[in-house]
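The values are calculated or read from the model by the stated rules, or taken from the named source; none is laboratory data. Quick caveat: nothing in here was measured; it's all calculated off a predicted structure. Cβ atoms come from the backbone with ideal geometry, glycine included; neighbour counts cover every protein chain shown.
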Amino acid sequence: MKRAFVVGHPIAHSRSPLIHNHWLGVHGIAGSYERLDVAPDAFADFVRALPGSGYAGGNVTIPHKEAAFRLADVLTPRAERIGAVNTLVVGPDGRVLGDNTDAPGFIAHLDQSLGADWPERTGGSALVLGAGGAARAVVVGLAERGLGRILIANRTPERAAALVALAPGVARAVAWDALPDLLPGTGLLVNTTSLGMAGHPPLALDLGPLPGRAAVADIVYAPLETPLLAAARARGLAAVDGLGMLLHQAVPGFAAWFGLRPAVTEDLRARIVADLRP
Ligand code: ATR
């Protein structure tokens with residue numbers, strides 16, 4: 001029986017077990033996916049003990065993504081670029097591989113929600129709000145998808161400037177105060193800040209100046225319909241919620257641990273949506 005995990009601290013809130021156990025059930029795979037609470041001071045020992053532990057690998061969440069990056073024996077080029085690991089795979093040689101599936105997860109979700117021709121249809125620049133770990137994955141994903149112009153705006157400008165190196169020649173840092181002026185040239189607006197998350201203030205940005213062909217994506221998924229997405233829909237713009245990224249980032253891990261590439265279906269989405277309801 002194959003076993004995998006999600007490790008974090010705290011970990012009770014994680015929806016990953018629901019996602020992976022759904023796929024295990026759908027495909028009749030005799031496996032398990034467990035929630036593991038490991039404190040930061042015990043995480044290095046946890047990773048070192050993985051080979052021979054019986055686990056095929058697992059997901060890594062807050063606050064361990066950067067530590068996992070440092071502790072993995074081998075990194076995928078994408079994890080190397082992003083500087084964080086959310087997926088660990090124990091190789092046949094006992095080495096621990098670190099990957100980051102947030103970037104392709106975000107892109108797979110955009111492709112599935114908007115149709116694969118969205119870069120041409122939306123036109124303009126991608127404008128990324130925020131400069132934390134989620135923004136790093138989004139910028140790398142957009143650059144890998146071939147976008148020619150990625151603007152990054154963050155309340156603390158130095159953090160936005162630091163992200164430009166992730167997509168040299170393509171990304172540029174812009175001032176947070178300049179957002180209203182940048183909207184007319186924006187094809188895709190992505191919120192990676194905590195603004196709009198349950199318990200946080202909404203993002204105060206008038207979407208009026210966005211072109212009619214623009215799309216708006218939020219990586220926040222609690223609530224599913226953030227004030228930003230509601231405003232985008234009210235304007236008739238394509239709105240992409242954050243749940244899809246969570247679902248799609250899980251696919252490569254499941255494939256590596258359990259040997260089958262699962263689909264992100266409406267059925268799965270409905271299960272997680274039901275669980276997210278307060
Ligand atoms: P994560 O790694 O999950 O993306 P993070 O590193 O805490 O999380 O980043 C949160 C993002 O939300 C940051 O870009 C943060 O801006 P700062 O870098 O200036 O802190 C942004 N953020 C949080 N509260 C904000 C607010 N009230 N106004 C604007 N941006 C905010």
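A few points about this structure:
- Out of Thr87, Thr156, sole residue that is more than 16 Å from the ligand (Cβ to nearest atom) and either surrounded by fewer than 23 Cβ atoms within 10 Å (Cβ to Cβ) or modelled with pLDDT of 95 or more (or both): Thr87
- Annotation: of all residues in the stretch 89-103 being among the small types (Gly, Ala, Ser) and part of a loop (DSSP other than H, G, I, E, B), the one that is farthest from the chain's Cα centre (by Cα) is Gly94.
- Only listed residue being small (Gly, Ala, Ser), part of a loop (DSSP other than H, G, I, E, B) and either away from the ligand (no atom under 16 Å from the Cβ) or not assigned by TED's automatic domain parsing to the domain that holds Val140 (or both), chosen from Gly253, Gly169, Gly196, Gly244: Gly169
- With respect to (1) of a type outside the set (A, V, I, L, M); (2) in contact with a Phe, Trp or Tyr (Cβ under 7 Å, 6 or more places away or on another chain); (3) not in a strand (DSSP E or B), the lone exception for Gly57 is condition (3).
- Residue count for the stretch 220-241, restricted to those that are buried (at least 18 other Cβ atoms within 10 Å of the Cβ), modelled with pLDDT of 95 or more and either among the hydroxyl-bearing types (Ser, Thr, Tyr) or not in a strand (DSSP E or B) (or both): 7
- Within the set Ala131, Ala137, the sole residue that is out of contact with any strand residue (DSSP E or B) (no Cβ under 6 Å at 6 or more places or on another chain) and surrounded by 20 or more Cβ atoms within 10 Å (Cβ to Cβ) turns out to be Ala137.
This table checks each residue for (1) in a helix (DSSP H, G or I); (2) out of contact with any Cys (no Cβ under 7 Å at 6 or more places or on another chain); (3) not small (Gly, Ala, Ser).
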site: Leu36; (1), (2), (3): no, yes, yes
site: Val47; (1), (2), (3): yes, yes, yes
site: Ser53; (1), (2), (3): no, yes, no
site: Arg70; (1), (2), (3): yes, yes, yes
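- Of the residues making up the stretch 93-130, those that are within 16 Å of the ligand (Cβ to nearest atom) and either within 30 Å of Asp45 (Cα to Cα) or free of Cβ contacts under 8 Å to residues at least 60 places away in the same chain (or both) are Asn100, Thr101, Asp102, Ala103, Gly105.
- Number of the condition not met by Pro201 [criteria: (1) under 18 Å from the mean Cα position of the chain (by Cα); (2) within 10 Å of the ligand (Cβ to nearest atom)]: (1)
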